[in-house]
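The values are calculated or read from the model by the stated rules, or taken from the named source; none is laboratory data. Everything numeric here is computed off the predicted structure, so don't read it as measured data. Heads up, the Cβs are rebuilt from the backbone with ideal geometry, glycines too, and the neighbour counts pull from every protein chain shown. Just so you know, the surface numbers come from the protein's heavy atoms only, side chains and all, with ligands and any DNA or RNA stripped out. Shrake-Rupley method; radii C 1.70, N 1.55, O 1.52, S 1.80 Å.
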Amino acid sequence: QVPLVESGGGLVQAGGSLRLSCAASGSIFSIAVMAWYRQAPGKQRELVATITTGGSTNYADSVKGRFTISRDNAKRTVYLQMNNLKPEDTAVYYCNVDQYSGGSHWGQGTQVTVSS
């Protein structure tokens, strides 16, 4: 059973929108923080957004006002709504799930490409 399954990446023109999803399998229990990271070619992986069990969110300055992270605890799923996309948003996006027990899990990554 794959722990985290991501979907929703693709190719979009600048100014467009995409919605990423990441569903956690039943093998991951007591989920605490859910997050999205991204890694562009030749760059380090960077934090995009986080959301706690209670719904508190945090965003990288570069995406504030454009991206929205949300989660459905019943579905064990985290989402990233990305609006007004820019070419510099092009990257592989990874979801990350931290457990209260200290475990941490990564998704397989989904490619987002924004053309100018």
In terms of the charge dipole of the chain, which places +1 on Lys and Arg and -1 on Asp and Glu at the beta carbon, the residue among T68, P3, A40 farthest towards the positive end is T68
For the chain, averaging the sequence separation of alpha carbon pairs under 8 Å that lie six or more residues apart and dividing by its residue count, the contact order in percent is 36 percent
To the nearest 0.05, the calculated FRET efficiency linking N58 and S7 through their beta-carbon distance, R0 being 30 Å, is 0.80
Counting only protein heavy atoms with a 1.4 Å probe and every protein chain in place, the carbon and sulfur fraction of the accessible surface of the chain in whole percent equals 50 percent
About its Cα centre, the chain carries a charge dipole, from +1 on Lys and Arg Cβ atoms and -1 on Asp and Glu Cβ atoms, whose size in debye to the nearest 20 is 100 debye
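In the range 43-85, which trypsin sites (Lys or Arg not before Pro) are in a loop and have at most 13 other Cβ atoms within 10 Å, using DSSP for the loop call?
K43, K64, K75
Given a 1.4 Å probe, how much area per residue of the chain is accessible, in Å²?
Per-residue accessible area for the chain comes out at 51 Å².
Counting chymotrypsin sites (Phe, Trp or Tyr not before Pro) as exposed when in a DSSP loop with at most 13 other beta carbons within 10 Å, what is the longest stretch of the chain free of them?
Answer from the scan: 30-99.
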